[in-house]
Amino acid sequence: MNADATATRNAQTSAPILGVLAERWSPRSFDPSATIDESALTSVLEAARWSPSAYNSQPWRYIVARRGSETFNTILSNLSGWNQSWAGNASVLIVTIATTSDAEGTELQWATYDLGQASAHFSVQAHHEGLHVHQMGGIMADELRSAFNLPSNQTPVTVLALGTLSTPDNLANDVLRERETAPRERLPLSEILIVND
């Protein structure tokens with residue numbers, strides 16, 4: 001199977017949505033020879049920066065690492081084994097961090113929610129730039145905090161793999177290849193709307 005077979009995995013929506021949202025998906029097969037276009041990376045990070053946040057607190061922080069750097073290897077070694085098997089081919093690995101209290105020690109109650117919004121903006125802009133993102137929760141948060149000397153109010157939440165799509169055949173095993181080409185599924189609207197008066 002070639003990359004074209006997975007490049008157009010458009011969502012089958014029940015109502016029209018923006019193309020960039022319908023086309024966005026989370027591959028695991030990244031081109032290990034592709035380097036990141038720095039202007040595209042800056043645009044993706046800029047999209048995250050302009051995300052809304054509670055009280056304009058902007059509690060998101062990122063550690064950005066390009067493949068081949070010591071920082072990249074540190075992040076990769078602090079992913080779950082499953083994620084380590086494919087994420088090393090991404091052009092960039094990014095630790096997402098929620099700042100959970102301000103300089104005075106006041107809790108930023110919605111920090112993780114705001115970080116999620118910023119990461120969603122990041123993901124949509126990345127797709128617009130012709131890149132793909134896979135967001136991973138299978139990380140060793142305490143080890144990442146220690147490796148990067150993060151203060152107690154900065155919590156690693158996820159790692160984003162960013163890069164150029166490759167063929168599923170480049171993945172390490174059949175389970176990963178099957179997941180890469182499996183149909184995209186979502187619960188129907190009727191199931192996620194608790195009340196819709």
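Some observations on this one:
- Region 134-150 residues that are touching a residue at least 40 places away in the same chain (Cβ under 8 Å) and within 26 Å of Phe30 (Cα to Cα), paired with ones that are acidic (Asp, Glu) and in a strand (DSSP E or B) (beta carbon under 9 Å, 6 or more apart): none
- Where a residue in region 29-55 is within 27 Å of Leu171 (Cα to Cα) and its partner, wherever it lies, is polar (S, T, N, Q) and in a helix (DSSP H, G or I), with Cβ under 9 Å and at least six apart: Ser29/Thr6; Ser29/Asn170; Phe30/Asn170; Asp31/Asn170; Pro32/Asn170; Ala40/Gln125; Val44/Ser123; Val44/Gln125
- Candidate set: region 69-83, residues that are open to solvent by 70 Å² or more (accessible area, probe 1.4 Å) and modelled with pLDDT of 95 or more; chosen: the one farthest from Pro168 (Cα to Cα): Glu70
- Single match in Ile36, Ile97 (criterion: in a loop (DSSP other than H, G, I, E, B), aliphatic (A, V, I, L, M) and surrounded by 17 or more Cβ atoms within 10 Å (Cβ to Cβ)): Ile36
- So Gly138, is it open to solvent by 20 Å² or more (accessible area, probe 1.4 Å), at pLDDT 95 or above and in contact with a Ser or Thr (Cβ under 9 Å, 6 or more places away or on another chain): yes
- Residue check: Asn10 meets all listed conditions (1) surrounded by 15 or more Cβ atoms within 10 Å (Cβ to Cβ); (2) farther than 26 Å from Leu150 by Cβ but one, namely (1).
- Condition check for Gln135: touching a Leu at 6+ places or on another chain (Cβ under 6 Å) and not β-branched (Val, Ile, Thr): yes
- Residue match in region 55-68 (condition: assigned to a helix (DSSP H, G or I), of a type outside the set (Val, Ile, Thr), open to solvent by 40 Å² or more (accessible area, probe 1.4 Å) and under 22 Å from Glu143 (Cβ atoms)): no
- Scanning region 102-124 for residues that are open to solvent by 30 Å² or more (accessible area, probe 1.4 Å) and in contact with a Ser or Thr (Cβ under 6 Å, 6 or more places away or on another chain) returns Glu107, Leu108, Gln117, His121.
The values are calculated or read from the model by the stated rules, or taken from the named source; none is laboratory data. A quick note: this is a predicted structure, and the numbers were derived from the prediction, not measured. Cβ sites come from the backbone with ideal geometry, for glycine too, and all protein chains shown count toward neighbours. Please note that ligands, DNA and RNA were not included when accessible areas were found on the heavy atoms of the full protein model with its side chains. Shrake-Rupley method; radii C 1.70, N 1.55, O 1.52, S 1.80 Å.
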